[in-house]
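The structure under discussion appears below in the form of structure tokens.
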Amino acid sequence: MFSNLPPVTKALLIANGLVFVLQMIVSDVALAQFMLWPPGAGDSLYGIDFMPWQLLTYGFMHGSFVHLLFNMLALAMFGAPLEHVWGDRRYLTYYLVCIVGAALCQIGVGMWTLSQGEQAYPTVGASGGIFGLLLAYGMLFPHQRVMLLIPPIPMKARTLVIVYGAIELLLGVTRTMPGVAHFAHLGGMLFGWLLIRYWRGQPPFGRRKGPPRMRVVR
């Protein structure tokens, strides 16, 4: 299966795996500057503040093997079909925009947390990009049936997107699972939705000239 994956999806899988191996070899202190920190976090445990490159680098780091495993399974499952439809360049652009968009939303949450006198913590993981891919999959293949891993329930891709989005919003607002960056997940979905709307020439963006370059599979 791995040999049949399209090139960008395969490269992203390899990059995330190699970075995780590096994390296991090198201490967290040495790599802390590549995690995502909110501005003003200089007084944190590591003494590191926000740096621009963190908007991308955090998305290739993971907190545990399970974290990495589930993200990479989702990347292969939802990313490969999107790359086949969009092509490698547009697909990579979309994925990185979702990573950066998720980071910007998480930075906003982190700054609010600091303003409340709470401790600053770094964010790592490709989940913002993964949730963006999930949203795109649900928009391009809305009636495609997918199977959840936990619990093993089949449902339409569009339904899966709505369910996951609602759960993330609920958990984020109620702070039920404070160790998970729920608003980063929602940020990846939001920026992915905006980018697709832009490509389609739909509000809030003006209509683009020329034939559409995206197709919807129903």
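So is Met147 modelled with pLDDT under 80, out of contact with any helix residue (DSSP H, G or I) (no Cβ under 8 Å at 6 or more places or on another chain) and within 27 Å of Gly17 (Cβ to Cβ) or not?
Spelling it out, Met147 is indeed modelled with pLDDT under 80, out of contact with any helix residue (DSSP H, G or I) (no Cβ under 8 Å at 6 or more places or on another chain) and within 27 Å of Gly17 (Cβ to Cβ).
Has the range 98-113 got at least one residue that is in contact with a helix residue (DSSP H, G or I) (Cβ under 8 Å, 6 or more places away or on another chain) and among the hydroxyl-bearing types (Ser, Thr, Tyr)?
Scanning the range 98-113 turns up no residue that is in contact with a helix residue (DSSP H, G or I) (Cβ under 8 Å, 6 or more places away or on another chain) and among the hydroxyl-bearing types (Ser, Thr, Tyr).
Is it true that Arg158 is modelled with pLDDT of 85 or more, under 21 Å from His84 (Cα atoms), over 19 Å from the mean Cα position of the chain (by Cα) and surrounded by 14 or more Cβ atoms within 10 Å (Cβ to Cβ)?
Spelling it out, it is not the case that Arg158 is modelled with pLDDT of 85 or more, under 21 Å from His84 (Cα atoms), over 19 Å from the mean Cα position of the chain (by Cα) and surrounded by 14 or more Cβ atoms within 10 Å (Cβ to Cβ).
Any residue in the range 65-72 that is in contact (Cβ under 8 Å) with a residue 24 or more places away in the chain and in contact with a Leu (Cβ under 7 Å, 6 or more places away or on another chain)?
Within the range 65-72, one or more residues are in contact (Cβ under 8 Å) with a residue 24 or more places away in the chain and in contact with a Leu (Cβ under 7 Å, 6 or more places away or on another chain).
Out of the range 35-59, which residues are surrounded by 18 or more Cβ atoms within 10 Å (Cβ to Cβ) and at pLDDT 95 or above?
Matches in the range 35-59: Gln54, Leu55, Thr57, Tyr58, Gly59.
Please go through the range 108-140 and give me each residue that is of a type in the set (A, V, I, L, M, F, W, C) and under 21 Å from Ile167 (Cα atoms), ordered by number.
Residues satisfying the conditions are Val109, Val124, Ala126, Ile130, Phe131, Leu133, Leu134, Leu135, Ala136, Met139.
Looking only at residues in the range 170-212 that are part of a loop (DSSP other than H, G, I, E, B) and under 25 Å from Ala74 (Cβ atoms), which one is modelled with the highest pLDDT?
It comes out as Ala181.
Answer yes or no as to whether Gly79 is at negative phi and crowded, with 21+ Cβ neighbours inside 10 Å.
So Gly79 fits the description; yes.
State the number of residues belonging to the range 1-27 that are surrounded by 11 or more Cβ atoms within 10 Å (Cβ to Cβ) and more than 21 Å from Phe70 (Cβ to Cβ).
1
When you scan the range 119-130, how many residues do you find that are touching a residue at least 60 places away in the same chain (Cβ under 8 Å) and either in a helix (DSSP H, G or I) or of a type in the set (A, V, I, L, M, F, W, C) (or both)?
Of the residues in the range 119-130, 6 are touching a residue at least 60 places away in the same chain (Cβ under 8 Å) and either in a helix (DSSP H, G or I) or of a type in the set (A, V, I, L, M, F, W, C) (or both).
Looking at the range 94-115, can you tell me whether even one residue there is in contact with a Gly (Cβ under 8 Å, 6 or more places away or on another chain), of a type in the set (Ser, Thr, Tyr) and not in a loop (DSSP other than H, G, I, E, B)?
Yes, the range 94-115 contains at least one residue that is in contact with a Gly (Cβ under 8 Å, 6 or more places away or on another chain), of a type in the set (Ser, Thr, Tyr) and not in a loop (DSSP other than H, G, I, E, B).
Scan the range 173-194 residue by residue and report those that are touching a helix residue (DSSP H, G or I) at 6+ places or on another chain (Cβ under 9 Å) and surrounded by fewer than 20 Cβ atoms within 10 Å (Cβ to Cβ).
Hits for the range 173-194 are Val173, Arg175, Thr176, Met177, Val180, Trp193, Leu194.
Do we find a residue being over 21 Å from Leu186 (Cα atoms), surrounded by 20 or more Cβ atoms within 10 Å (Cβ to Cβ) and out of contact with any Ser or Thr (no Cβ under 9 Å at 6 or more places or on another chain) anywhere in the range 98-110?
The answer is no; no qualifying residue exists.
Just the residues that are more than 16 Å from Trp53 (Cα to Cα) and either touching a strand residue (DSSP E or B) at 6+ places or on another chain (Cβ under 8 Å) or without any contact (Cβ under 8 Å) to a residue 40 or more places away in the chain (or both), please, taken from the range 94-118.
Gly110, Trp112, Ser115, Gln116, Gly117, Glu118
The values are calculated or read from the model by the stated rules, or taken from the named source; none is laboratory data. Everything quoted here is computed from the prediction, not taken from an experiment. Every residue, glycine as well, gets a Cβ built from its backbone with ideal geometry; the counts of neighbours run over all protein chains shown.
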